[in-house]
Structures are given as structure tokens and as C-alpha cells.
Amino acid sequence: MLTSVQRSITEVIPVNYPFGNTRSRNVLQDFNCESGGFNPCDSSLKVLFLGSGDLRNTLQIAENENFNHMQIHLNDLNPSVVARNIIILKIISAPDFNPEDDVDFSFIWDVWYNLEWPEFTRKRFQGILKDLLNGVFPENVSVPKTSQSEILKKVWSTWLSVLSQTESEASFLMKKVGSERKLYICKIWGLKNKGEIENAMNVDSFSTVIDELASNLERSIGIEWLSDSARQNIREEAKRYFEKGSCRLENDIKIVCLNPTMLDHATLRWTLHHSLCPFDGYFPLLKEELDTSNKSKMMILSCQKILKNHFSFYRKRLVDGKTFELFFYLEDALEFCYSENVNKFDVIDCSNIADHVGLVNLILACSGKLSDHPSAMLFTETLNWFPFGKGSVKLYVEKALCCPLSMIPTIYGLRLKSRIELGLPEFVDLRRPMSPPVYLCWLKARPFHNIAMSSSSALNGFLDQLANVCFVSKFPFRITGCPPEFLSGCGMVLYTPQTFSYVVNSMIQRLGGDHWLKKDVRPAEMHPNFQLARRTLDAWKDGQKILKLSAKIPSSSSNKFLLRASVRADVSGVPIPRLMLLPKATHRTRYDFFGPDVHFIDNFQLELENSSTGFQDVSISFLLIPHHELEKTHRAIIVDITNGSEFAVFESFESVQIEDWNFPYPFMPSKTELELPSPEEFSMMVDSCVETEDQFRLKINITSSKNVSDLKVTTNHQAPCESCHEITLSLNQPEKFKPLSLSFPYPILVDDIRATLHRKSRRVDLVLTKALWEPWPCEYEPADDLHNVLDPDQLKPWKEEKSFQPSLPNRNLNFLENHIRSQFNINHLENISLMERSPLNAVRYVMRVLFLDPSRSRYVTIQRMNAPAPDWFFLVHHPVSTTPTGRPVLLLSALDFQLGRKLIADGKWSQKKNEENLIRVFPVGKETLNIPIQTTEDSQLLRFVLRLNRSKITPSKWQKKNLTLVKDSPWMATFVSPLYSDNPHMDLRSSDASNRSTLGGSVTDNNCCAACKKVSQSLKRCSRCRSTVYCCVECQRQHWAQHKLVCKKV
């Protein structure tokens, strides 16, 4: 109950991921030791993987040889995943294991990926299980909690018993699981594709499904230059895997048993995701990773090559004596973050947990576990961003957090390192059938210093938006219509009143002071059905006594509900339960759900123990204040807020176990850190600070009995950066006046500080503009050894080949054209009138001109229309280069002409030096290409991109010799690279349509007729399912053929 997430009953449709379906990544590649004085030789780096899944990410960080000591903490809620990972570590940590040995590697590949096993694998795996059951773990592996270790031993015992079956028993299990697997894959595929397969066991039907799955996988490979025959071979290879659930280099292997780690450990049923395939976890492949030595097994060879590389780095680390300790935790990820009070972590990787719990819930839990190292990083991932963000990662983040990017540091205490406002960081193959996963990197934001925040309409508005999502009173969604933000699978439906309480009190904890946040109450919070939950949260926060109430739920009640839910879940989605305390004398109809004496509780524990015969020992726990006075008047039920189904929890509080709840509230207010002046001092103090999306507006009081004058404002900014976090205000009169230092989490523009001294009233009005289009100060301090800092002299030239894109117009494109076109929505390129007029598209157009016509002049100017002089002079360094990840890069020697004028006016740059540099780089008489841009906003964004890129590259040898690259110089060594569109080839309208049906089938679009889409106030519901609406009988009849499939299930 520490977690703020609303419970969802995923157990009714269990989906297992024994291995990952997205490419692993090195989460340490951009960890900057230098910025925080971290000594990689002596200090122990701590990394936490939440929802760890398989071990590929863990093994990949072993490649970082700079760190002598690493502690890796891995958390997962699935016992099978943790049990598998420990087994795999035992195998690859053995002194005699050799990843280059065919026998050893075939064994580990069987364990990791193959459903069907030969006798050799079975016997060797049995021996490993017996060792683990006897407590023989790898030396660097431990499970700190004994209770969790016992759970893992039960899993290993189950697997050992499966492998100890007789030949006939093993044969029966193989046939049973094989049938379940075909049925499951066909069933889920049919539902995903809006249709039904009448006979899922039919061979032709199954063949059709795996053909489609194999085709989708081939389109995700990420290598553009492959021939049609190579792509066909890949499809056939994938199809062979989907057909059997196994892939290996050897042929004619006798199968004797199934891999027990692929089955649900409690029921021994098939529950793997229908499209899960080993190859997905290594896509997109880089060109050099593709192994074509065996045309029919390219994918196995390529993926095995990558995995062998991971093993080699891990084993080398062990051999070299560098510590690599691994700690496993088997529990809910967010509960772990709130209850773990010993460790803080330098890096936290959260997999795609955000899609399952909501981004707000996740970053609240994780932010408190980040260490204070300046480079401490939190990684989140989303697979469902596209429909929710309508094709924009920026919109996904802003909708999920209910605030714009510029307010995130204040509200959540974090900042995005990922520059999502500029599109995707890497190229997306236009043949890819689905949107790519998006990885976001977060760092701790600087705290406010000497600032007492005040109420503002902007901040209030964003908190109101969040409250409206956390306090949802209208349900069931089947009747009321689901709020649009809940439809995408991004976890917002699981925000609760506790989520809102945590957000507000985490702000109070960070900002300090007894200010307006403690007193303000949002309208959504005042809903009468949530008042008991609010009182309980307030009492817990204030350190008062809280009770934990626990009850066993009658199996006759819960099993019927769970059985119905499992049948309905394929159409309606996972049940989302709400605990309701109802007066005993009522509850005759669903209208009684909303009476004045009804109480909603969205934060509770619901424990389900699954077995082959169904759910057993269902229990519930929740928190209440001691004097709730409901003992004699109320009973409890659970209601699924998606469709309104319900079951009884208890009829009387007399059957409930009660104990004290002793966990402290996670976000206790901190003491104010304002610097209070001594009575005899002349000083200044902030009276109020109002924050908006683009400004801070402060009123500062001056304490002085004497006249005040000569206000001076200084900053801590370092050129060439034009933003800063800290400013200092001082007065020359009176003497010995104590300066006031202020610090802000979001940087401000140094050249746009407006300070007004009011002498009579002894007050300063200070207006600061946020640096929305200027890199942050920390972005000007790159470490030369970071992954994303490029050395242009080491980059390879761009190699041009034809890229065949059969699904796209103008499909015979070369690589470079493909990358440049991917900056835009492909449909808009075919019809320019559809393209949005925006600064980002204007900058992308500049990139297009620079890249696609190398025959034009190397000398380029950028000039706003009607401007008297250019904004930029570029010397374009051909040829195009390529980054290690395959992006095209064009090196520029750039003169910021307007900055040069300013520096000359300020006396920091001489006119003579300016002319000498310009003549040397831009010889007189050379042909010059002018690229016009229209607005000041276009120019600002282009400048932002160029200044941001300068921190990601070291100057070339030529630039070091020929450019004056000092701090106060208008010259810079920079580059341009495509700003890839978030949605280069996807139709948002079709995305919206599929999004509307994500939760509850076609039950969510209650404003228009399901057949003709006419919007009307007099729509009538289908009398059978009560979920779909029509404007007339004729439309209902016309739509019946399509609707009946959903109607039966609802």
C-alpha cells in the first residue's frame, strides 16, 4: 500500500516474458564520472533494474571497463523471471563455461530461448537445479530476503519435477502445451486484428497467423539494403520459430521434454506473449552485426553473435577480478522503491513499467532512490506512447505528467536529459509495422534556493489537470465512457488520490516552507466519495495513527468474478478494481454506488494465489483512520470500474483483522532552507515567486532603514553558455548590504533578466525568462569519453546504397534520402498542403537543403526574410559522415553573425578579428547559397539545435587550426543531423480509431453513432451489451455483422 498505483488484476490474463522483446542498451554509456568527482577505481557504482526482465541489459553494462566495483540490483515481480536469471548466471559464471564452445553455447541458448529440449539439455539443467536447491549459488549472486529465496526454491522444485517426468508424461505435456500455444497465438492474433478465427486449431489458420507474425518481424530488422530473397529467408526463419517455439543451428535433434521456464510456474500452462520471438530482442540490427554465412539461419547467427559478446565481457570482468555483485528482489517495483531504505542508486532502469503503472507513479517512486551524483540517471521506456501522444513523444510526456516540459523540474524535481522536443533520436525503418519503443533519460533537477514559491494560475491549472485524472468518480466506463487519457495503455487509468497526495507533498518536501500548496484543495479532491480516503492520507502524512485492515475474501464470491473477468478480459481489458464501502441497508442498484455514505478506496492490496485449479486464498488489505465509525453500518465490495461487475469482500467489519500501520509517509515535509538575516543586517528576502511556462516573476523585499540604490544583478553563467541557474542581487548602498543568492531548477536566459528597484517601497521586481531554446549549462560540459560525443576525424564517410521500401511512394530511395524524408510525415511529403507550419519543420527543411544537394556551394548563409543581415554563415564540410549508430552527419564551421555583433558591442570580440576569420573561412568571390527562413521562432530553434550539437562534437583538426574557438567567440564547430519525425509513416486517424477500442472494445466512443459516426444527443444503446450506441434502428441493423463479435463477449 506504499505504492500509489491502483491495482489491476493482470492475473486473469497472465502474459509472460521470459526473455526481452526490445533491444538491450548500455545504461552507463553516458554516465559522467568526472562531473561529480566519482572515482571509478575506488567507488562502487550502484545500478537498479526495475522490472528487470532477462539479463541482457545487465550483461551489457559489464562492458564498462572504467568501473572496478559494481553493485547490480535486479527487481522483478515474476518468480519465474528471477529464477531463470539466477540459473543463467550460474551457467555463465561457471569456471568451465566457454561461450565460444558450441556445446556450452547450445545449452545456454536452449535455456534462454527454446521451448523444446534434447536429452543433453535436460540432464545438464537438472544438475543446476539441484545445486541451487542445495544453496549453491554463484559467488557474486544473492537474494537478500529469505522469504523471497524460499519462493524461488519452490519454482526450481516445480521445474525439477517437470524434468523428472516419465517419457509418457513428458510426451503428454508437450502435446498439451503445443495445443495451448497454437490456440493462444491464434486467439490473440485474431482479437488484435479485429476478427475471429473460427477454428484456431486449424493448420491453415495457424499458418496464416505465423506468416503474419514472421512478416512483421522481418519488417523490424532495421537494415534497409537487404534484398528481397534475404528478407524472404528471414521470414522463413522466423516462421520456423513461431511454428515450434524453438530455433537452433543444429538439425535433426531428438526432443525429449519442454523447457519448464517457458511455462507458468503455478499452472504449467503456456502464457508467453503471442508475438514473442528471440530475434526481437536484438532488433534493429546494425549492418556489421548481420551474419550472412548461412542464408537460412541469418537471424540465429546474428543474435548469437551479439549474445556471445555479452557473455565474453561479463566473464572477462570476473577473470580480471573486478567486482560485479548481483542482488535479486522478488516484489512489486514501486513497493521496493518505497520500502528499500538502505541503498541509493547511480542509475535506475525501469524497462517499460511506466506503461503499466503510469509515468507519474513511476518517477515519484524512483526519484527518491536516485543518488546525489550529478550524473545519476533514471531511464523510463514506453511502448504505448504513439496513440496516447498522437504521434508525438513530447505530447506523450506532457499528457502523462499533466504539465508542459518547462514545469516538470518544479512539479516533479526531475529534468529530461532527452531532447524529445526535437523528435526521435534515431532513424526508424519506414517498413517497421509498429512505433518504436521510446527511452527517456531523467536527471535530478537543481533545487530552488532562497525562494518561497507562490500560487500561480499556471501551476494551479496543471495540478487541477492531475487531480481530475487521480479522482475519477464516474464509472463504470462501459456506461459513462472512458476518459480519453485512459485509453492508450500508458497507465494513467491507475492514477489514484494517493498519486496526487504524493505529487503535492513531494513538492512541499522539495520546495520547503509552509506555503500555499498545503492549503489549496482542488475541486476534484472535494468529491464526497473520496473524503474518507483523503482523511486517511492526511492523517498518515501528519504522523497520526493509521490502521491496516485485512480480510479473506470468500472464494465463492471472488472466483466467479475472476472467471467472468478472464473471459471478458480479451475484449474489455484487464479488470481495474475499486474497493467500495457501502451502507448495509442499500446497494439494490448501481445508482447506490454514488450515495453520500459510499466511500471509494483505490489504494489497496489484493493478493491472488493462482493454481491449476483456479485462484485460491484471495485476500485484501487497505488503510483507514481509527475513528472511521463504519463498523456497524457498512460492508465492502469490489467493483471493476471498466464494466461495473462486482463481488463481495465482507459483510461486516467484525470479520476484518486490524493492526497498526507503521510505515512512515514517503514524502515528509522538510524544514525551510531560506537564509534568514540577522536583525542588524541590511538584506533582501523573496516575498513571492510566481512561475509560468516561460517565466519566473519574483517580488523581493528589502530590509533597510537607510536609502537603497545601485541594484546589481550578477550570474554564474560561463560563456559560451547563455543560460544559468543562479543569480545574485546586491546593492551598493547602503554599505555592507548582504547580497541575495537565488537558484532555480530551470535555467534562465542571462540576457533577459529584468530587475526593477523601487526605492521608496524598498522592493525589487525581478522577471526572469526561462531558457526554453538555449542548451542548459550542464550541456556545455561534455566529457570526451562519453558515448554521444563525436570525433569528426574518426567518423566514417557515408556509404550510399539503394534502399528499397516496397510499402512507400517513391520507393527506390537511397539511404540518405530515406533518412532526410524521415524527418517528415511521409504522407505530408506527398501532399505539402498537409504539412504543419512549425519552427521544427522549418529547421528540418534547412537540413534537407544542406544534405540532399552536395553539388551546391559549400558556403551557406541563413537569413530571415526582410532581415538586413544573415543570422548564420556556414562552411559545409563534405562529404557526409556516419555516426556509430548509422545517422548521417554533416560537419559545419558556423559563424553566429548576430552574436558576433553583440560581442563586438560588449568589447569581448574585435571587429578586426571578426573580419579576418570571415575572410579566411569564406574567401571573397566564392559562390554562396542563401537558405531563407521566415520567422524569429524559426531562427531561434535553428540556433538552439546548432548550439546543442556543438556540445556533442569535438572540433576537427581543420577547425582547431582555422577557427578561433574560444569562450567569447561567435564561431563554433557544430554539425547537423536529421531531426527524425516521431511519426514518419503513421496515420494518426487510424491510430485514434484503434486507440478508442483499446479499453472495452467499441464501448468508449459514446458521442457518435457506431455505424455512421453521426454525433447526436439522442443516441440509443444496444440492449444486449449496453456498450455501443446508434442514432437509429437502421444503423444498428447495418452494423450488426461487425458488432455481434464484440456484443457476445461483452
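The values are calculated or read from the model by the stated rules, or taken from the named source; none is laboratory data. Note that the structure is a prediction, hence the values are computed from the model and not measured. Cβ atoms come from the backbone with ideal geometry, glycine included; neighbour counts cover every protein chain shown.
Of all residues in the stretch 89-111, those satisfying the criterion of being crowded, with 18+ Cβ neighbours inside 10 Å and not aromatic (Phe, Trp, Tyr) are 89, 90, 91, 92, 93, 104, 106, 108, 110, 111.
Kindly provide the set of residues from the stretch 248-304 that are in contact with a strand residue (DSSP E or B) (Cβ under 7 Å, 6 or more places away or on another chain) and either surrounded by fewer than 16 Cβ atoms within 10 Å (Cβ to Cβ) or within 30 Å of residue 616 (Cα to Cα) (or both), ordered by number.
Passing the criteria: 257, 258, 259, 262, 263, 264, 266, 267, 269, 270, 271, 272.
Take the conditions (1) more than 15 Å from the chain's Cα centre (by Cα); (2) under 24 Å from residue 499 (Cα atoms); (3) surrounded by fewer than 20 Cβ atoms within 10 Å (Cβ to Cβ); residue 441 misses just one of them, which is (1).
Just so you know, in the stretch 560-594 the residues that are under 23 Å from residue 495 (Cα atoms) and in a loop (DSSP other than H, G, I, E, B) include one that is modelled with the highest pLDDT, and it is 576.
Mind listing just one residue for me: the one in the stretch 150-166 that is among the small types (Gly, Ala, Ser) and in contact (Cβ under 8 Å) with a residue 12 or more places away in the chain and, of those, nearest to residue 129 (Cα to Cα)? Within the stretch 150-166, the match that is nearest to residue 129 (Cα to Cα) is 157. Going through the stretch 406-426 one residue at a time, which ones are in a helix (DSSP H, G or I) and surrounded by fewer than 20 Cβ atoms within 10 Å (Cβ to Cβ)? Residues satisfying the conditions are 406, 421, 422. Are there any pairs, at least 6 apart or on different chains, whose C-beta atoms fall under 6 Å, with the first in the stretch 969-995 and surrounded by fewer than 19 Cβ atoms within 10 Å (Cβ to Cβ) and in a helix (DSSP H, G or I) and the second at pLDDT below 90 and among the basic types (Lys, Arg), and if so, which? Between residues of the stretch 969-995 that are surrounded by fewer than 19 Cβ atoms within 10 Å (Cβ to Cβ) and in a helix (DSSP H, G or I) and residues that are at pLDDT below 90 and among the basic types (Lys, Arg), the close pairs are 988/390.
Can you report the number of residues in the stretch 881-907 which are on the phi > 0 side of the Ramachandran plot and within 27 Å of the chain's Cα centre (by Cα)?
Filtering the stretch 881-907 for residues on the phi > 0 side of the Ramachandran plot gives 886, 907.
Cutting the leftovers down to within 27 Å of the chain's Cα centre (by Cα) gives us 886.
Matching residues across the stretch 881-907 total 1.
Determine whether the stretch 617-631 contains at least one residue that is among the hydroxyl-bearing types (Ser, Thr, Tyr) and either surrounded by fewer than 16 Cβ atoms within 10 Å (Cβ to Cβ) or not in a strand (DSSP E or B) (or both). Among the residues of the stretch 617-631, not one is among the hydroxyl-bearing types (Ser, Thr, Tyr) and either surrounded by fewer than 16 Cβ atoms within 10 Å (Cβ to Cβ) or not in a strand (DSSP E or B) (or both), which makes the answer no. Within the stretch 912-933, being surrounded by 11 or more Cβ atoms within 10 Å (Cβ to Cβ) and more than 41 Å from the chain's Cα centre (by Cα) holds for 913, 914, 916, 917, 918, 920, 921, 922, 928, 929.
Taking into account only those residues within the stretch 901-947 that are in a helix (DSSP H, G or I) and of a type in the set (Ser, Thr, Tyr), which is farthest from residue 722 (Cα to Cα)?
Step one: filter the stretch 901-947 for residues in a helix (DSSP H, G or I), giving 901-905, 911-921, 936-947.
Those left that are additionally of a type in the set (Ser, Thr, Tyr): 936, 939.
Working: 936: 18, 939: 16 Å.
Once the filter is applied, the top-ranked residue is 936.
Scanning the stretch 112-121 for residues that are surrounded by fewer than 21 Cβ atoms within 10 Å (Cβ to Cβ), assigned to a helix (DSSP H, G or I) and in contact (Cβ under 8 Å) with a residue 60 or more places away in the chain returns a single hit, 119.
Taking the stretch 398-419 as the range and being touching a strand residue (DSSP E or B) at 6+ places or on another chain (Cβ under 7 Å) and closer than 30 Å to residue 816 by Cβ as the test, the residues that pass are 416, 417, 418. With the condition kept exactly as written, say whether any residue in the stretch 326-333 is out of contact with any Lys or Arg (no Cβ under 9 Å at 6 or more places or on another chain), buried (at least 21 other Cβ atoms within 10 Å of the Cβ) and assigned to a helix (DSSP H, G or I). So far as the stretch 326-333 goes, yes, one or more of its residues are out of contact with any Lys or Arg (no Cβ under 9 Å at 6 or more places or on another chain), buried (at least 21 other Cβ atoms within 10 Å of the Cβ) and assigned to a helix (DSSP H, G or I).
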